[in-house]
Structure formats: C-alpha cells, structure tokens
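What follows draws every value from the coordinates through simple rules; no lab data is involved. Owing to the predicted nature of the structure, the values given are computational and were not obtained by experimental measurement. Virtual Cβ from ideal backbone geometry, glycine too; neighbours counted across all protein chains shown.
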Number of protein chains: 2
Amino acid sequence: MSTVDFEQIAQYAKIFSDLTPKREALIAEAGIKIMPHLSAVTEKFYVNLLKVPKAAPFIEGKIDYLKKTHLMWLQQVFTGEYDQAYVEMMYRVGYVHVQVDLPVEFMSGGITLITNELIIIVSELYADEPEKSFEILGAINAAFGFSLLVMQASYQASVSEVLNRFLSITGVSKVLFDNLAAAYDKKAANI
Amino acid sequence: MSTVDFEQIAQYAKIFSDLTPKREALIAEAGIKIMPHLSAVTEKFYVNLLKVPKAAPFIEGKIDYLKKTHLMWLQQVFTGEYDQAYVEMMYRVGYVHVQVDLPVEFMSGGITLITNELIIIVSELYADEPEKSFEILGAINAAFGFSLLVMQASYQASVSEVLNRFLSITGVSKVLFDNLAAAYDKKAANI
C-alpha cells in the first residue's frame with residue numbers, strides 16, 4: 001500500500017463525486033449544528049444493520065467497538081476536511097474490509113442507511129431554511145459518495161491483487177488462465 | 001446466473017437500504033413530476049463523467065447508446081416498481097460491468113452524481129412543500145441505494161467466482177492457496 005498515490009486517488013474521487021471546495025466548506029459549517037446528532041445516527045445505523053441477517057457475523061461480539069469507530073468516522077466527515085490523511089484512512093478501511101471478507105455492497109448499503117438518517121436530521125435542523133438544507137444535503141451526498149469511492153477503489157485494487165498473485169505464484173500467464181477458464185467453463189457446462 | 005435467488009437478493013437489498021413500501025409508493029407518485037426532467041439528469045451525468053479521465057475508455061464511441069440505456073433505467077427507477085424483473089436486470093448490469101472490467105467504485109460514483117442532480121430537481125419541483133421534498137429525497141436515496149446494492153452484490157459474486165474457478169482448474173485447495181500466497185508475500189517483501 002506504500003506505493004499508492006493518495007493525492008491522485010483524492011483527485012479522482014473528488015471529481016467523480018463532484019465534491020467541490022464550496023461543498024466542503026458547507027459541510028464544515030453545517031457540521032457544527034449536525035455534530036451533536038451523530039451519535040443518534042450511529043445508533044440507528046446499527047439498529048438497521050442488525051436487521052440484515054448477512055451482516056450479523058461481522059457485528060457479533062464487537063458492536064460497542066464498531067459503534068465507537070463509526071461515530072469517530074462520522075465526526076471526521078463533518079469537519080469537512082478531506083485531506084491526504086483522510087483519504088489514506090478511507091483507503092485503509094476498504095483494504096481492511098477485503099481482509100475480513102466483507103461483501104463490497106455492504107459499504108454502499110451502509111452509506112445509504114446513514115444518508116437516510118441525515119436527510120431527516122438536516123430537514124429538522126434547517127426547517128426554516130429549506131434552500132440551504134438542500135445545498136447541505138447535496139454536500140453530504142457528495143462527501144459520503146467521495147468516501148465510498150475511496151473505500152471501494154481500495155477494495156477493487158485488493159481484489160485484483162488476488163488473481164495477479166496467483167498468476168505470479170504459478171507462473172501462469174493471464175492469457176493461459178483465460179484459456180483454461182474458458183475450457184473449464186465449457187467442460188463444466190458439458191458443452 | 002440461473003441459480004441465483006433473486007427474491008432473496010431483493011429482500012436483502014431492501015432491508016439494507018430501508019426501501020419500504022411507503023417509499024416505493026412515494027417514488028411512483030413523485031415519478032410523474034420528475035420523469036420529464038430525467039433526460040437532463042442523464043445529460044448532466046455524462047458531462048460529469050467525461051471529466052473523469054479513468055472513465056473515458058468506457059464511454060468513447062458509444063456515448064449515444066449509453067445515454068439511451070441510462071435514461072431508460074432512470075425512467076424505470078421512477079416507476080417505483082422494484083419487482084423480480086427489476087432486480088434481475090440490476091444483477092445482470094453488475095455482471096456485465098465485471099465482464100468489461102469496470103472498477104467497482106464507478107457504480108458508487110455514478111449513483112452519487114445522479115443523486116446530486118436529483119436533489120436540485122426535487123428541491124425546485126417541491127419548493128412549496130419542503131417537508132414532502134425531504135420524504136421524496138429519502139425515498140430516492142433508498143431506491144438508488146437498493147439498485148446499487150443489487151449491482152454490487154452481483155459484482156461481488158462474479159469476482160469471487162474468478163478465484164474459485166482457478167482453484168477448481170488447478171485442484172489447489174483454498175488453504176494451500178492462502179499458504180502459498182503468504183509465503184509468496186514474504187519472499188516478495190524479502191523477509
């Protein structure tokens with residue numbers, strides 16, 4: 001992971017989520033009002049996650065620890081600072097998720113559940129300023145989309161590594177592997 | 001793919017995105033007003049995507065076709081019907097994305113860009129009903145989160161298949177592979 005260009009990944013993910021400096025500043029501003037409500041977001045997140053049977057093995061026996069790191073991460077998002085240290089942290093989270101065999105769609109589901117809650121919170125906190133609330137929600141969507149992108153870019157890199165490593169270990173070329181796989185598929189399908 | 005239990009995947013993704021029947025009905029209702037604005041969402045989506053250098057090879061030479069299928073999909077989302085046919089279609093999209101080597105984070109980036117636009121559209125269409133607009137945005141977040149989950153669950157299954165196929169072809173067990181990989185990593189790191 002030491003050869004990863006985090007500056008480049010940050011740029012890539014910011015463009016892809018349209019996370020602009022204006023949105024970053026808006027998150028930092030709104031973060032002051034939203035911060036006290038984040039522990040409720042974390043609590044609700046785990047209430048929802050526990051309804052997903054496939055998620056149970058990843059939570060059991062460590063829910064207090066997970067809640068703690070989850071809340072710390074949310075608080076970090078709402079500082080509005082997405083510097084290299086933040087990108088490196090998100091990239092590492094994606095890598096750790098591969099190591100524990102977490103399905104990649106869990107990260108998307110997680111962000112969806114968090115955003116569901118934040119929409120409600122922002123609508124209540126900014127009930128008198130609907131226009132501003134929509135701008136904040138746009139910024140929140142971009143910031144969490146950005147974080148998800150970095151996590152999953154890391155995930156993608158780790159998964160690709162598995163096959164590449166196998167090819168290196170065995171000395172099999174990618175072309176030979178593809179041919180073997182095609183032949184194997186035919187045999188498996190009894191063609 | 002014929003052995004995939006789409007009913008089970010639908011249930012899993014609905015719980016994980018908290019896509020409730022109430023939210024589905026709300027999307028269908030709002031869909032009538034939002035529908036005429038979806039072609040603008042697709043146009044803006046590709047304007048944004050073209051800013052991402054890594055995305056260019058996946059777009060070049062086929063942008064008109066891509067825009068057409070993109071818009072058709074958005075229109076389908078806004079019918080609010082997420083039945084087995086829809087889940088099967090989304091699952092197939094995930095599978096196709098693996099076949100063309102699309103990085104998994106592209107799907108998350110795509111949903112982020114689309115949602116950015118929909119927040120603006122909903123805020124304008126429902127300017128006189130802010131409370132309702134927040135409910136609609138919650139439903140939109142859940143519906144796109146649901147779609148992303150299904151696509152990525154398919155992606156995950158396809159990627160896992162690659163390694164399993166290699167193990168089947170070579171007759172190597174997963175334990176032996178893990179041991180070989182660990183030994184190889186040590187050698188590569190000159191430990």
(message) Once the label point is set 7 Å along the Cα-to-beta-carbon vector, what list of distances in nm do you get between B:E131 and its counterparts in the other copies?
(response) 2.3
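Which loop trypsin sites (Lys or Arg not before Pro) in region B:36-121, with loop taken from DSSP, have no more than 16 other Cβ atoms within 10 angstrom of their Cβ?
Those satisfying the criteria are B:K51, B:K62.
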(request) Name all residues of region B:20-36 having a backbone nitrogen under 17 Å from the label point set 7 Å from the Cα of B:M72 along its Cα→Cβ direction, giving them as ranges. (result) none
(request) Give the distance, in whole Å, between the Cα centre of region A:144-173 and the Cα centre of region B:100-155. (result) 26
(message) Just want to confirm a number: the relative contact order over chain A, from Cα pairs under 8 angstrom separated by 6+ residues, in percent.
(response) 34
(message) Counting only other chains, and only Cβ atoms inside 10 Å, what mean value do you get across the residues of A:116-129?
(response) 3
(request) With N denoting the number of residues in chain B, provide Rg(C-alpha) divided by 2.2 N^0.38 Å, to two decimal places. (result) 1.24
(message) Measuring nothing but label to label, 7 Å from Cα along Cα→Cβ, what are A:L176's distances to the other copies in nm, shortest first?
(response) 1.6
(message) Of the candidates B:G171, B:G109, B:G31, which one comes out as most mobile in a Gaussian network treatment of chain B with C-alpha springs shorter than 10 Å?
(response) B:G171
(message) Please compute the average number of Cβ atoms from other chains found within 10 Å of each residue's Cβ in peptide A:6-13.
(response) 2
(message) Per DSSP helix of 4 or more residues, -39500 (n - 2.57); summed, then divided by the residues of the protein assembly as shown. What does that give at 222 nm, rounded to the nearest 500?
(response) -26000 deg cm²/dmol
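Could you work out the longest stretch of chain B that avoids the GluC sites (Glu not before Pro) located in DSSP loops with at most 13 other Cβ atoms within 10 Å?
Numbers: sites that count: B:E60, B:E81.
It runs B:82-191.
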(message) What lysines does B:K68 reach when the alpha-carbon gap must be under 21 Å and sequence neighbours fewer than 8 apart in one chain are set aside?
(response) B:K33, B:K44, B:K51
(request) Starting from a label point 7 Å past Cα on the Cβ side, list the distances from B:V100 to the same position in the other copies, nm, shortest first. (result) 3.4
(request) Return one number: the angle in degrees, 0 to 90 and rounded to the nearest 10, between the long axis of the Cα atoms of helix B:21-34 and the longest principal axis of the Cα atoms of chain B. (result) 60
(request) Report the residue of chain A with the smallest Cβ-to-axis distance, using the rotation axis that brings A onto B, in whole Å. (result) A:P130, 2
(request) Can you tell me the equivalent ellipsoid semi-axes for region A:63-123? Use √(5λ) from the Cα gyration tensor, largest first, whole Å. (result) 20, 16, 12
